[in-house]
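*Asks:* Input: one structure, supplied below.
Each value in this text was obtained by applying a stated rule to the coordinates, not by laboratory testing. This is a predicted model, so every value here is computed, not measured. Please note: Cβ atoms are built from the backbone with ideal geometry, for glycine as well, and neighbour counts cover all protein chains shown.
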Amino acid sequence: MKKYKFLLFISCVLSLTGCYNDDSRLASDDKWIGDIVIEKMDAVNAIAYSTVLDITPTVNGYADNQLTYAWYIYGGEFSKETQDGYRTHPISDKKTLTYKVDLKAGDYTLVFEATEPATGYAVTSEVSLKVSTLFSQGFYILKETAEGDTELDLYNAADQTHISDILASTQGEPMTGAPRFMSVVYGQAYIDPETAKSAYATGLFITSGQHEFSIFRTNDF
């Protein structure tokens with residue numbers, strides 16, 4: 001009896017196997033979703049209202065015309081604007097970013113996004129962007145003019161640039177009287193004219209003549 005039951009079990013298994021057809025198949029080459037690989041990009045330094053960025057990422061895995069592209073920026077003056085995450089501030093829909101840096105000084109992040117449109121598969125890569133001004137980096141030189149007044153120069157050793165007579169170019173004239181003293185004031189409080197709210201910045205404290213003094217904000221004077 002056990003013999004017949006075993007033979008019956010074997011025949012049922014064989015019949016089930018014979019009735020099953022595997023219709024699945026591997027994806028064809030034109031349907032295969034490959035990896036989008038974006039090579040790491042170096043951090044960028046820029047001068048506000050002067051630098052034009054020109055960045056072309058290297059993207060592997062697809063031809064350029066098989067993907068769509070987008071660039072976004074966050075941080076810095078956009079730090080409080082995050083309603084759509086890193087996509088809150090789009091700045092380009094091209095692979096190569098050409099972007100004039102009309103931004104306040106600060107630390108920003110650029111986000112490059114490559115997308116395969118048929119599937120929505122996307123990959124991002126970030127680039128650190130540090131924005132400074134012509135006056136925020138270098139060594140200040142306090143000097144006396146030929147007329148006996150106070151002036152400033154700025155020397156940037158990294159870029160080997162020298163800016164002369166900063167007070168005349170930004171304030172219209174030097175400070176009255178011979179130079180006496182110069183010092184850095186960190187965390188100087190002031191009223192931001194754009195927001196009418198209190199803000200803080202690094203200041204340059206200068207005295208001249210007998211009684212004159214001024215504090216200049218070093219990022220834009």
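*Asks:* So what J values fall out for segment 209-215 if you push phi through Karplus, 6.51 cos²θ - 1.76 cosθ + 1.60 with θ = phi - 60°, rounded to Hz, Gly and Pro as x?
*Replies:* Residue by residue, segment 209-215 yields x, 9, 9, 8, 8, 8, 10 Hz.
*Asks:* Would you mind counting up the charge near PRO57? Only other residues with Cβ under 9 Å from its Cβ, with Lys and Arg at +1 and Asp and Glu at -1. Numbers along the way, then the final one.
*Replies:* Working: positive: LYS95; negative: GLU39.
Here the count lands on 0.
*Asks:* OK, next. Out of all DSSP beta bridges with both ends in segment 37-132, state the antiparallel percent to the nearest 5.
*Replies:* Values: 27 of 31 bridges.
Counting DSSP beta bridges with both partners in segment 37-132, the antiparallel share is about 85 percent.
*Asks:* What is the sum of charges around ALA46, taking Lys and Arg as +1, Asp and Glu as -1, for the other residues whose C-beta is under 14 Å from the C-beta of ALA46?
*Replies:* Values: positive: LYS100, LYS104, LYS130; negative: ASP42, ASP54, GLU77, ASP102, ASP107, ASP159.
That sum, taken over residues with Cβ under 14 Å, equals -3.
*Asks:* Taking just the C-alpha trace of the chain, give me its Rg and Dmax in Å.
*Replies:* Spelled out, the Cα radius of gyration and Dmax of the chain are 32.0, 124 Å.
*Asks:* Work out from phi, with θ = phi - 60° and the Karplus expression 6.51 cos²θ - 1.76 cosθ + 1.60, the ³J(HN,Hα) of each residue of segment 126-142, listed in order in whole Hz, and give x for Gly and Pro.
*Replies:* Each residue of segment 126-142 in turn: 10, 10, 6, 10, 9, 9, 10, 10, 4, 9, 9, 9, x, 10, 7, 10, 7 Hz.
*Asks:* For segment 37-132, what value does the Rg/Rh ratio take when both radii are computed over Cα atoms and Rh is the Kirkwood radius, given to two decimals? Spell out each step's value before the answer.
*Replies:* Working: Rg = 13.4 Å, Rh = 13.8 Å.
Rg/Rh: 0.97.
*Asks:* Using only the alpha carbons of segment 139-217, determine the length spanned along each of the three principal axes and report them from longest to shortest in whole angstroms.
*Replies:* 40, 36, 21
*Asks:* Turning to a different aspect of this structure: Take the chain, mark every one of the trypsin sites (Lys or Arg not before Pro) that falls in a DSSP loop and has at most 13 other Cβ within 10 Å, then report the longest stretch left between them, sites excluded.
*Replies:* Numbers: sites that count: ARG25, LYS31, LYS40, LYS80, LYS94.
After excluding every exposed loop site, the longest remaining stretch is 95-221.
*Asks:* If I fit a long axis through the Cα atoms of helix 2-19 and take the longest principal axis of the Cα atoms of the chain, what angle between them do I get, 0 to 90°, rounded to 10?
*Replies:* Approximately 50 degrees, to the nearest ten.
*Asks:* Test of the criteria: in segment 90-175, which GluC sites (Glu not before Pro) are in a DSSP loop and have at most 14 other Cβ atoms within 10 angstrom of their Cβ? List each step's numbers first, then the result.
*Replies:* Details: sites: GLU113, GLU126, GLU144, GLU147, GLU151; in loops: GLU147.
Answer by residue number: GLU147.
*Asks:* With θ set to phi - 60° and the Karplus curve 6.51 cos²θ - 1.76 cosθ + 1.60, what are the ³J(HN,Hα) couplings of segment 54-66 in order, to the nearest whole Hz, using x for Gly and Pro?
*Replies:* With coefficients 6.51, -1.76 and 1.60, one gets 9, 10, 10, x, 9, 10, 10, x, 9, 6, 4, 7, 8 Hz.
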